[in-house]
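Asker: First the structure, then my questions, so here it is.
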């Protein structure tokens with residue numbers, strides 16, 4: 001998560017208050033003041049290996065294409081200044097990137113891969129094996145693209161047995177493939193969104209989280225979910241900008257939403273949604289009350305240790321698995 005974004009919740013530009021939704025011990029304080037440099041950080045999440053050399057090209061890509069261009073536009077939004085259509089697209093790209101590059105989205109993508117990829121590969125294999133059996137198979141060489149080079153896939157052909165085998169790993173390479181595809185192709189669905197800045201009412205403060213972009217399906221204050229999409233008509237996308245401002249769009253609608261500003265009802269509901277949508281952390285400029293009623297933390301040392309170990313070993317385990325498949 002970009003530091004310039006988190007600094008909007010920092011009084012000194014260096015620290016931020018953190019509420020952990022998963023802790024190892026009940027004695028852990030509910031709110032802790034921590035360095036921005038050390039929160040919302042996952043080392044080597046995107047690091048990959050090219051010809052035995054580790055590179056961090058994805059982090060550089062995120063900064064160059066999505067985050068650095070957004071900083072001056074964010075400054076304008078925080079000052080309540082109008083932005084241009086080009087600047088609106090910059091914000092759309094930033095929001096898309098922050099929606100994708102979270103542990104929550106990583107988990108959902110890998111879960112999708114474990115569930116769907118075997119069936120997808122099986123369909124491909126069935127067609128390939130039919131061609132092998134009939135003797136009509138002709139090797140088709142397709143150019144390697146910037147996306148497909150990210151995938152680690154091993155294809156083996158046994159012409160004598162008329163069988164084909166496909167092996168892959170549901171891990172880092174597949175996640176990076178999804179990220180690249182979504183942020184170069186699907187992201188265009190975001191470009192026509194019209195963004196509004198919602199002002200919070202006095203007495204309420206918007207926090208942010210480690211999963212700050214909410215794709216909302218809203219039916220009523222008691223009937224909503226977070227399963228919306230980037231281009232789902234009449235759906236909403238919201239993202240906290242600062243303790244007193246929220247980025248908002250209603251997809252496909254170009255009306256005004258002035259009624260959301262300085263509204264006790266909407267400010268309270270938006271705050272509740274932000275906290276409910278958090279994955280493991282809520283961040284704020286000062287400790288907030290009522291957290292247990294909205295999203296109570298879980299004390300589970302086993303799960304806490306498992307998650308920490310998974311993060312620490314993510315890079316090495318994935319690099320080893322991918323090398324073993326080659």
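Asker: Would you pick out the residues in the range 6-57 that are assigned to a strand (DSSP E or B), over 19 Å from residue 276 (Cα atoms) and within 19 Å of the chain's Cα centre (by Cα)?
Answerer: 48
Asker: Out of the strands (runs of 3 or more DSSP E) lying entirely within the range 132-210, which hold 3 or more residues that are modelled with pLDDT of 90 or more?
Answerer: On the way: elements: 153-158, 163-168, 196-199.
Fully inside the range 132-210 and qualifying: 196-199.
Asker: Identify the single condition in (1) assigned to a helix (DSSP H, G or I); (2) out of contact with any helix residue (DSSP H, G or I) (no Cβ under 9 Å at 6 or more places or on another chain); (3) touching a residue at least 24 places away in the same chain (Cβ under 8 Å); (4) closer than 29 Å to residue 306 by Cα that residue 121 does not satisfy, given that it satisfies every other one.
Answerer: The single condition residue 121 does not satisfy is (4).
Asker: Being crowded, with 20+ Cβ neighbours inside 10 Å and out of contact with any helix residue (DSSP H, G or I) (no Cβ under 8 Å at 6 or more places or on another chain) is the filter here, so list the residues in the range 253-269 that pass it.
Answerer: Hit for the range 253-269 is 267, nothing else.
Asker: Next question, about the same structure. Are any residues in the range 281-291 more than 22 Å from the chain's Cα centre (by Cα) and either surrounded by 18 or more Cβ atoms within 10 Å (Cβ to Cβ) or free of Cβ contacts under 8 Å to residues at least 40 places away in the same chain (or both), and if so, which ones?
Answerer: The first filter runs over the range 281-291 and keeps only residues more than 22 Å from the chain's Cα centre (by Cα), leaving 285-291.
Residues satisfying the conditions are 285, 288, 289, 290, 291.
Asker: Residues of the range 249-307 being farther than 21 Å from residue 104 by Cα and part of a strand (DSSP E or B), which ones?
Answerer: Listed by number, the residues that qualify are 249, 250.
Asker: Do you know which residues across the range 74-105 are assigned to a helix (DSSP H, G or I) and in contact with a helix residue (DSSP H, G or I) (Cβ under 6 Å, 6 or more places away or on another chain)?
Answerer: Here is the first cut: in the range 74-105, the residues assigned to a helix (DSSP H, G or I) are 74-78, 85-100, 103-105.
Of everything in the range 74-105, those that are assigned to a helix (DSSP H, G or I) and in contact with a helix residue (DSSP H, G or I) (Cβ under 6 Å, 6 or more places away or on another chain) turn out to be 87, 90, 91, 92, 93, 94, 96, 97, 100.
Asker: Going by the structure shown, is residue 66 touching a residue at least 12 places away in the same chain (Cβ under 8 Å) and either farther than 29 Å from residue 245 by Cα or surrounded by fewer than 18 Cβ atoms within 10 Å (Cβ to Cβ) (or both)?
Answerer: On the way: touching a residue at least 12 places away in the same chain (Cβ under 8 Å): yes; either farther than 29 Å from residue 245 by Cα or surrounded by fewer than 18 Cβ atoms within 10 Å (Cβ to Cβ) (or both): no.
The answer is no for residue 66.
The values are calculated or read from the model by the stated rules, or taken from the named source; none is laboratory data. Because the structure is a prediction, the values reported are computed rather than measured. Cβ coordinates were reconstructed from backbone atoms using ideal geometry, including for glycine residues, and neighbour counts include every protein chain displayed.
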